[in-house]
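The values are calculated or read from the model by the stated rules, or taken from the named source; none is laboratory data. Worth saying up front: this structure is predicted, and the values here are computed from it rather than measured. Note that each Cβ is placed from the backbone with ideal geometry, even for glycine, and that neighbours are counted across all protein chains shown.
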Amino acid sequence: MSAPALSLDSTEETAVQVGGSVGAPAASGVRPGAIILTRHGEPALSRKCLITARQYGDWWAKYEVGGLLAGQTPPPELVAAAQGAGAIYASTRQRAQETAAAVVAGREVMSDVMFIEAPLPPPPIPDWIKLSPKWWGVVSRFWWHAFDHHGGQETRAQAEVRAEQAARKLIARAETGQDVLVFAHGYFNHMVGARLKADGWKLVHNQGFKYWSQRRYEKR
């Protein structure tokens with residue numbers, strides 16, 4: 001079982017959890033706001049298993065539609081970032097949606113398929129080799145990145161175009177003077193961050209890629 005390829009035309013935003021305003025555009029000439037890329041909380045699906053590459057394809061498909069492990073509390077620093085944000089986006093994946101809901105306290109969140117994770121199709125490795133999902137993720141990402149092994153899903157080139165589009169969207173919003181917060185995924189956040197750096201944005205606060213982490217970019 002594998003996830004369908006992403007259509008790069010599917011970039012519509014849907015506003016949910018209306019409870020506040022994303023703010024009006026700032027006057028021209030103001031300093032751009034920050035762009036904060038956040039990874040979702042810990043998913044419910046367990047990584048404590050040994051599986052084949054073929055089985056990893058099924059595991060990843062379940063991961064893509066699953067939500068968060070119960071009982072987690074958002075870090076206070078992330079809650080504060082949401083309170084100061086003028087615009088909040090979230091990937092349409094359930095784990096990102098639940099993360100946003102836990103953090104924003106009823107604020108409006110713009111859900112956008114543009115921010116979903118880059119795919120992780122398993123490489124053609126024999127069934128006698130078994131690894132944990134964590135390590136299959138590493139192997140699959142390497143094959144996708146280095147060899148363009150996409151299994152009919154989104155290619156690396158397509159994901160790079162999507163990351164550039166996402167960066168442009170976030171920059172346009174931040175240039176109105178608002179801080180922009182995004183709830184998304186580890187590797188795609190990395191790709192968007194690379195585009196932000198290429199456009200002159202500096203990573204000024206880096207919590208890495210752990211669950212609930214944030215990476216803050218500012219125009220310097």
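Hey, can you tell me all the residues within region 172-196 that are over 13 Å from residue 37 (Cα atoms) and surrounded by fewer than 20 Cβ atoms within 10 Å (Cβ to Cβ)? Break it down stepwise before answering.
So the first thing to find is which residues in region 172-196 are over 13 Å from residue 37 (Cα atoms), and the list is 172-173, 175-178.
Hits for region 172-196 are 172, 175, 176, 177.
Filtering region 11-28 for residues that are among the charged types (D, E, K, R), surrounded by fewer than 19 Cβ atoms within 10 Å (Cβ to Cβ) and modelled with pLDDT of 95 or more leaves an empty set. Is it the case, given these coordinates, that residue 114 is out of contact with any Lys or Arg (no Cβ under 9 Å at 6 or more places or on another chain), within 25 Å of residue 165 (Cβ to Cβ), modelled with pLDDT of 95 or more and not in a loop (DSSP other than H, G, I, E, B)? Answer is no for this residue. Taking the conditions exactly as written (of a type in the set (Val, Ile, Thr), under 19 Å from residue 41 (Cα atoms) and modelled with pLDDT of 95 or more), does residue 182 satisfy them or not? Yes, satisfied.
Residues that are in contact with a helix residue (DSSP H, G or I) (Cβ under 8 Å, 6 or more places away or on another chain) and either surrounded by 20 or more Cβ atoms within 10 Å (Cβ to Cβ) or of a type in the set (D, E, K, R) (or both) were ranked within region 75-87; the one that is nearest to residue 35 (Cα to Cα) is 87.
Inside region 200-220, residues that are in a loop (DSSP other than H, G, I, E, B), modelled with pLDDT of 95 or more and surrounded by 13 or more Cβ atoms within 10 Å (Cβ to Cβ) make up a count of 4. Out of 52, 92, one residue alone is over 21 Å from residue 187 (Cα atoms), of a type in the set (Ser, Thr, Tyr) and modelled with pLDDT of 95 or more. It is 52. For residue 159, the test of being touching a Leu at 6+ places or on another chain (Cβ under 9 Å), crowded, with 16+ Cβ neighbours inside 10 Å and within 20 Å of residue 219 (Cβ to Cβ) is failed.
This table checks each residue for (1) assigned to a loop (DSSP other than H, G, I, E, B); (2) touching a residue at least 40 places away in the same chain (Cβ under 8 Å); (3) surrounded by 15 or more Cβ atoms within 10 Å (Cβ to Cβ).
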| position | (1), (2), (3) |
| --- | --- |
| 89 | no, yes, yes |
| 95 | no, yes, yes |
| 107 | yes, yes, yes |
| 119 | yes, yes, yes |
| 129 | yes, yes, no |
| 136 | no, yes, yes |
| 141 | no, yes, yes |
| 146 | no, no, no |
